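Heads up, the thing below is written out as structure tokens.
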Amino acid sequence: MFGLWCRIAWLWLALVAAGVPAQAQDFPTRPVKLVTQGAAGSGPDVIARLVTDRLGQIWGQQIAILNHPGAGGSTAARVAASAAPDGYTLYMAAISTFIVMPEMFPNLPIDLDRDFVRIGLLAEQPMVFAVAPSLGVKSLAELIALSKAKPGQVLYAGNARGTFPNLTVERLRRETGADFTFIPYPGAAAGLQDLMGGRISMIVESIGPLAGAIAAGSVKVVAAASPQRLPNFPDLPTVAETVPGFAAMGWFALMAPTGTPELVVRKVNQDLRTVLDQAELKQRFLDVGTYARPMSPAETAQFIRSEQQVWRPVVRQVGVAQQ
């Protein structure tokens, strides 16, 4: 009798195991939620909706965006980390989540490496250095030289201290000895207004918020902090052409709570890569200064580790820890 029960138990386990791939392949069978730290209508929210609209078409399911802005991204991270690890709650993390938030909130009761499994990278947004045409510089090298010749007088706009535009310039300062003075603004629009009005010298931002001013010739972009020249701006030099090895790319990654079945993670990654390969989505991304960069889960994990190694020392140097 004992042997019979053992055979029944093994048969049941085999049937369950055989059913897992089928369940993963059928995923999802009900609506999915995506948690993001971007406010409704913000840049991250736009990226999230562009991707989820197309994932929803593949899955035949609605994907609801849950916007949890504020607290340096920690609110969204907490909500996502506490969700059931079944694949029905996904999390779109920004670069700031992994390089700034741990330094800003050292006592945060979640561990980004322990509590989230990486699914894939969505896209990157290169930082660009734009100056007022009246400044009279034609290249990044001339801009750096001017800042050294006039220490403290080359003012640059960026969001609050510790945001990625601020970190980009502070890293450039550290690597070149440039002497830029940071002027914080509540958003790119306010900084851009003062740049065009001649009250500051430079702004560092992703292309999207600057696109109209660039097209109108109201500002001059001297360099993009992308590893290679951008496909839609082939004549724009990279920062690395002046400062070898320098790159500063904002990015968004798709994640899920740790414990989410590996087969579900692989299924979502596969479908995400299908979406990111769509020509229409790539064009929509380009319209907002964003570039698709699909990766496997393992590649995404390695990419994030390398980004942490590059940027966390800069974050510590700037100093963002909350008391």
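The values are calculated or read from the model by the stated rules, or taken from the named source; none is laboratory data. All values derive from a computational prediction rather than experimental measurement. Cβ sites come from the backbone with ideal geometry, for glycine too, and all protein chains shown count toward neighbours.
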Single residue of Gly198, Gly208 found to be surrounded by fewer than 13 Cβ atoms within 10 Å (Cβ to Cβ), in the same structural domain as Leu135 (by TED's automatic domain parsing) and in contact (Cβ under 8 Å) with a residue 60 or more places away in the chain: Gly198
Would you confirm whether or not region 81-94 contains a residue that is among the charged types (D, E, K, R) and touching a strand residue (DSSP E or B) at 6+ places or on another chain (Cβ under 8 Å)? no
Can Val79 be described as in contact with a His (Cβ under 8 Å, 6 or more places away or on another chain), in the same structural domain as Arg293 (by TED's automatic domain parsing), of a type in the set (Val, Ile, Thr) and closer than 26 Å to Glu299 by Cα? yes
Of the residues Asp115, Asp111, which single one is of a type in the set (D, E, K, R) and either in contact (Cβ under 8 Å) with a residue 40 or more places away in the chain or within 26 Å of Phe246 (Cβ to Cβ) (or both)? Asp115
Val169 passes all but one of (1) over 22 Å from Ala240 (Cα atoms); (2) part of a helix (DSSP H, G or I); (3) touching a Phe, Trp or Tyr at 6+ places or on another chain (Cβ under 7 Å); which number fails? (1)
Looking at Leu263, Leu254, Leu272, can you tell me which residue is in a strand (DSSP E or B) and within 23 Å of Ala80 (Cα to Cα)? Leu254
Name, by its number, the condition in (1) closer than 28 Å to Pro294 by Cα; (2) part of a helix (DSSP H, G or I) that does not hold for Ala213. (1)
Can you say whether Ala83 is at negative phi and at pLDDT 90 or above, as far as the supplied structure shows? yes
Residues of region 160-182 being over 20 Å from Ser226 (Cβ atoms) and either of a type in the set (Lys, Arg) or within 23 Å of the chain's Cα centre (by Cα) (or both), which ones? Ala160, Arg161, Gly162, Phe182
Conditions first: (1) more than 30 Å from Lys267 (Cβ to Cβ); (2) in contact with a Leu (Cβ under 7 Å, 6 or more places away or on another chain). Ile207 passes all but one, so which condition is the exception? (2)
Residues of region 73-101 being of a type in the set (Ser, Thr, Tyr) and farther than 19 Å from Leu55 by Cα, in sequence order, are Ser74, Thr75, Ser82, Ser96, Thr97
Go through region 25-45 and report how many residues are modelled with pLDDT under 95 and either of a type in the set (Asp, Glu) or surrounded by fewer than 18 Cβ atoms within 10 Å (Cβ to Cβ) (or both). 7
In region 254-280, the residues that are in contact with a strand residue (DSSP E or B) (Cβ under 6 Å, 6 or more places away or on another chain) and within 19 Å of Val79 (Cβ to Cβ): Leu254, Met255, Ala256, Thr258, Thr260, Val268
Yes/no for Ala240 being part of a helix (DSSP H, G or I), closer than 20 Å to Val314 by Cα and more than 18 Å from the chain's Cα centre (by Cα): yes
Hey, can you tell me all the residues within region 101-120 that are touching a helix residue (DSSP H, G or I) at 6+ places or on another chain (Cβ under 8 Å) and either in a loop (DSSP other than H, G, I, E, B) or outside the structural domain of Val288 (by TED's automatic domain parsing) (or both)? Phe105, Leu108, Pro109, Ile110
Quick one: Arg78 ticks every box in (1) at pLDDT below 95; (2) farther than 30 Å from Gln309 by Cβ except a single one, so which number is it? (2)
Scan region 280-298 and tell me whether some residue there is in contact with a Gly (Cβ under 9 Å, 6 or more places away or on another chain), among the small types (Gly, Ala, Ser) and either assigned to a strand (DSSP E or B) or closer than 25 Å to Ile119 by Cα (or both). yes
